[in-house]
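Novice: Just passing along the structure, written as structure tokens.
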Amino acid sequence: MRRKSGFSFGLFYFLVVAFILFLPILLLVVFSFNDSTKLVFPLKGFTTQHYADLVGNREMVEAVRTSVLLGLGSSFLATALGTMGAIALSRFKFPGKGFFTAVSALPLVIPYVILGVSLLIMFNQVGIKLSAWTAGLAHVVISIPYALLIISSRLAGFPDNLEEAAMDLGATYWGALLRVTIPISFPALVAAFLICFTISFDEFAISSFLVGTQPTLPVYLYSQLRFPTRLPLVVSLSSILMVATMIIMLLAEWLRRLGDTTR
Amino acid sequence: MTELTVELRNVSKIYPARRSSGKDVVAVREVSLDIPSGEFFTLLGPSGCGKTTTLRLIAGFEQPTSGEVYLQGKAVSKIPTYKRPVNTVFQNYALFPHMTVAKNVGFGLTVKRVPKAERERRVMEALELVQLPDLANRKPSQLSGGQQQRVALARALVNRPTVLLLDEPLGALDLKLRKAMQLELKQLQERLGITFVYVTHDQEEALTMSDRIAVMNYGEALQVGDPMTLYEKPANSFVADFIGESNFVRGTVKQVDDDEAQIAIGRKVIAVRLEEERPSPNQNVLLTIRPEKLWLSEPDEQADGLPGVVEEVVYIGTSTRYIVALEAGDEIVVRLQNRPGTKMAGLGRGAPVKVSWRFEDARIIEADGRGEELVIG
């Protein structure tokens, strides 16, 4: 009985997810190879022309470059800060620890639009010119909770007396971190980096407020939606973005699990 | 004559209360210990008694709230863990999961930048010492519990510490392996001549291995002595009860002479030898007698010995345990060897008996009258 109902729940879940998530994505990919500028059935024929057009688009290539650099920079910083925070939270007792944890996780629940507007106001007040840098800084803020959570769970997964053991054997605290804690957590660090990268790479709301004249890829994409003739370009670009993101996410998850099994 | 490797002088460790309303937790209370070099010294006590904290104070993972720890005569409270001539075998072994066995064992040498050739030689020596030279390239997760334990031992010993600290190292092993490792550890310690400070809650393990034992409870070192002294002359009811099995019989002092006291137990008055304790007349005291020092005989109103009734008979192979309800009120356990010709064999439940012991086998403890609450609590 239980097995049967469990099966039908699973099937129902799968159908819903497939219908509302994967079907539209599949459509997008299908249309990106359709030899037409309109996104309607019936399909006209197979073409890779839309993808070829992408490569020749200088603005778009520039946006990709901005997004990649911004993503790499913000993820690196978020992972570094997240690692420090995770070590502090999982290995030390200090006053205000609960408050610190809550503040670190806050960006998870604040709507990005609000965060974007408030950062915009702040940068204007302080007199910092908007650019990819200001957007990058915001991406660090929103990525930190993810890095913190991923790395914390890894640190909680092995006994903290490994660090004591290292110090007992003659390593300083920093030596113990470098030789024991960081190497054991390394898969989690890479996973955190990749997740942060996809967050930054896909982020639109905050970037739209803060990038100034250096659009990231999602911001550029959105700006192109105003021109009906550019629609195929948007569709093919979206397909590429999605596939790239999926690959990175799968890689991150694989790394995270790899880390868990090497106990 | 022998130099002291480890000294603790009035060491206390107090963890402040978590909340303002809570109480401070005293993990270690005014403990003083002298451990000469080459000794196998054991901290024995129930969980939460402060034995592990004491070990961590010696290792330097914790700082004493007051008092001082000396290693080879030097005060070490200001010296960090990594500079102390001390290595630890952890309860859960704490092997580095991302390193091979050889890398684990060589860790201390790598950190101290010992040249590669010497490092490799010493790692192999250490692995041979613990009889695991073939597993050098395995990862810890591929080893059995017993093998991990040996690797942890090799990893500590390879650094040639002055003192080796062991925190319940055999706790996770099954009984048979544990017994074998007890002997092996003891032999290793004698061969190497390193001071061992060993933490365990297992009194049998402590008695088997140790030169001297400190019995701890509630953060205090209640008694320090060699196994025989602790067993034969426990300083108080806790030690008497924790080391081996003990009977406690309540009585009242009637008369005190030079080296013996007359103690009234129920309607009997029994002579007990006096040692350091000097009870005063009419004081309530506890007598402690080991179950194997007692014997049973036919009830006899005239002779010494306490009358009672057999309540339970438990056959345990080499011996039989008789639980006897004394007429005076307390219960007493009598262990008789199952030898041919043992007279009382076949004594059943409900049989009236007399419990006797040799004059020198009963001891007065807790002469201050604190005994009752300690034992019965």
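The values are calculated or read from the model by the stated rules, or taken from the named source; none is laboratory data. It should be emphasised that the depicted structure is a prediction, and the values quoted were computed from it without experimental measurement. Neighbour counts run over all protein chains shown; Cβ positions are idealised from the backbone, glycine included. Accessible surface is based on the protein model in full, side chains and every heavy atom, while ligands, DNA and RNA are left aside. Shrake-Rupley method; radii C 1.70, N 1.55, O 1.52, S 1.80 Å.
One line per residue, one yes/no per condition, for (1) open to solvent by 80 Å² or more (accessible area, probe 1.4 Å); (2) part of a helix (DSSP H, G or I); (3) free of Cβ contacts under 8 Å to residues at least 24 places away in the same chain; (4) outside the structural domain of A:Arg230 (by TED's automatic domain parsing):
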site: A:Leu15; (1), (2), (3), (4): yes, yes, yes, yes
site: A:Phe22; (1), (2), (3), (4): yes, yes, yes, yes
site: A:Val30; (1), (2), (3), (4): no, yes, yes, yes
site: A:Val61; (1), (2), (3), (4): no, yes, yes, no
site: A:Val68; (1), (2), (3), (4): no, yes, no, no
site: A:Ala78; (1), (2), (3), (4): no, yes, no, no
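Novice: Where in the range B:30-109 are there strands (runs of 3 or more DSSP E), lying fully within it, with 1 or more residues that are among the acidic types (Asp, Glu)? If you could, list the steps in order and put the result at the bottom.
Specialist: Numbers: elements: B:40-44, B:66-71, B:86-89.
Answer list for the range B:30-109: B:66-71.
Novice: Hey, any hits in the range B:110-122 for a residue that's outside any loop (DSSP other than H, G, I, E, B), closer than 27 Å to A:Tyr173 by Cα and open to solvent by less than 10 Å² (accessible area, probe 1.4 Å)?
Specialist: No, every residue in the range B:110-122 fails to be outside any loop (DSSP other than H, G, I, E, B), closer than 27 Å to A:Tyr173 by Cα and open to solvent by less than 10 Å² (accessible area, probe 1.4 Å).
Novice: Hey, another quick one. Filter the range B:110-125 for residues that are within 14 Å of another protein chain (Cβ to nearest Cβ) and of a type outside the set (Lys, Arg); which is nearest to B:Gln148 (Cα to Cα)?
Specialist: Among those that are within 14 Å of another protein chain (Cβ to nearest Cβ) and of a type outside the set (Lys, Arg), it is B:Val123.
Novice: So in the range B:72-109, with the set limited to residues that are of a type in the set (Gly, Ala, Ser) and surrounded by fewer than 23 Cβ atoms within 10 Å (Cβ to Cβ), which one is nearest to the other protein chains (Cβ to nearest Cβ)?
Specialist: Within the range B:72-109, the match that is nearest to the other protein chains (Cβ to nearest Cβ) is B:Ala102.
Novice: Sort through B:Pro291, B:Pro307 and tell me the only one that's modelled with pLDDT of 85 or more and over 26 Å from the mean Cα position of the chain (by Cα).
Specialist: Numbers: B:Pro291 fails: over 26 Å from the mean Cα position of the chain (by Cα).
It is B:Pro307.
Novice: Conditions first: (1) surrounded by 16 or more Cβ atoms within 10 Å (Cβ to Cβ); (2) free of Cβ contacts under 8 Å to residues at least 12 places away in the same chain. B:Ser319 passes all but one, so which condition is the exception?
Specialist: (2)
Novice: Check B:Val69 against each of (1) crowded, with 23+ Cβ neighbours inside 10 Å; (2) away from every other protein chain (no Cβ under 14 Å); (3) free of Cβ contacts under 8 Å to residues at least 40 places away in the same chain and name the one condition it does not meet.
Specialist: If we test B:Val69 against (1) crowded, with 23+ Cβ neighbours inside 10 Å; (2) away from every other protein chain (no Cβ under 14 Å); (3) free of Cβ contacts under 8 Å to residues at least 40 places away in the same chain, just (3) comes out false.
Novice: Check off (1) in contact with a Lys or Arg (Cβ under 6 Å, 6 or more places away or on another chain); (2) buried (at least 16 other Cβ atoms within 10 Å of the Cβ); (3) not acidic (Asp, Glu) for B:Ser297 and give me the number that stays unchecked.
Specialist: It is condition (2) that B:Ser297 fails.
Novice: Within the range B:5-36, can you find the residues that are in contact with a Leu (Cβ under 8 Å, 6 or more places away or on another chain) and either open to solvent by 70 Å² or more (accessible area, probe 1.4 Å) or hydrophobic (A, V, I, L, M, F, W, C) (or both)?
Specialist: Once the filter is applied, which keeps residues that are in contact with a Leu (Cβ under 8 Å, 6 or more places away or on another chain) and either open to solvent by 70 Å² or more (accessible area, probe 1.4 Å) or hydrophobic (A, V, I, L, M, F, W, C) (or both), the range B:5-36 yields B:Val6, B:Leu8, B:Val11, B:Val28, B:Val31, B:Leu33, B:Ile35.
Novice: Something else now. For residues that are assigned to a strand (DSSP E or B) and not hydrophobic (A, V, I, L, M, F, W, C), tally how many sit in the range B:184-213.
Specialist: So the count comes out to 4.
Novice: For the range A:8-20, indicate whether the set of residues that are at pLDDT 85 or above and closer than 21 Å to A:Leu137 by Cβ is non-empty.
Specialist: no
Novice: Among the residues in the range B:196-209, are any under 30 Å from B:Leu4 (Cα atoms), among the aromatic types (Phe, Trp, Tyr) and open to solvent by 40 Å² or more (accessible area, probe 1.4 Å)?
Specialist: No - not one qualifying residue is present in the range B:196-209.
Novice: Kindly evaluate A:Leu189 against the criterion of being within 14 Å of chain B (Cβ to nearest Cβ), crowded, with 20+ Cβ neighbours inside 10 Å and under 30 Å from A:Val243 (Cα atoms).
Specialist: Yes.
Novice: Within the range B:326-336, how many residues turn out to be assigned to a strand (DSSP E or B) and closer than 17 Å to B:Ala264 by Cα?
Specialist: Keep residues of the range B:326-336 that are assigned to a strand (DSSP E or B), which gives B:326, B:331-336.
Subsequent filtering for residues that are closer than 17 Å to B:Ala264 by Cα retains B:326, B:331-332.
Residues meeting the conditions: 3.
Novice: Moving to a separate point now. What is the number of the single condition among (1) surrounded by 16 or more Cβ atoms within 10 Å (Cβ to Cβ); (2) away from chain A (no Cβ under 14 Å); (3) in contact (Cβ under 8 Å) with a residue 60 or more places away in the chain that B:Leu185 does not meet?
Specialist: (3)
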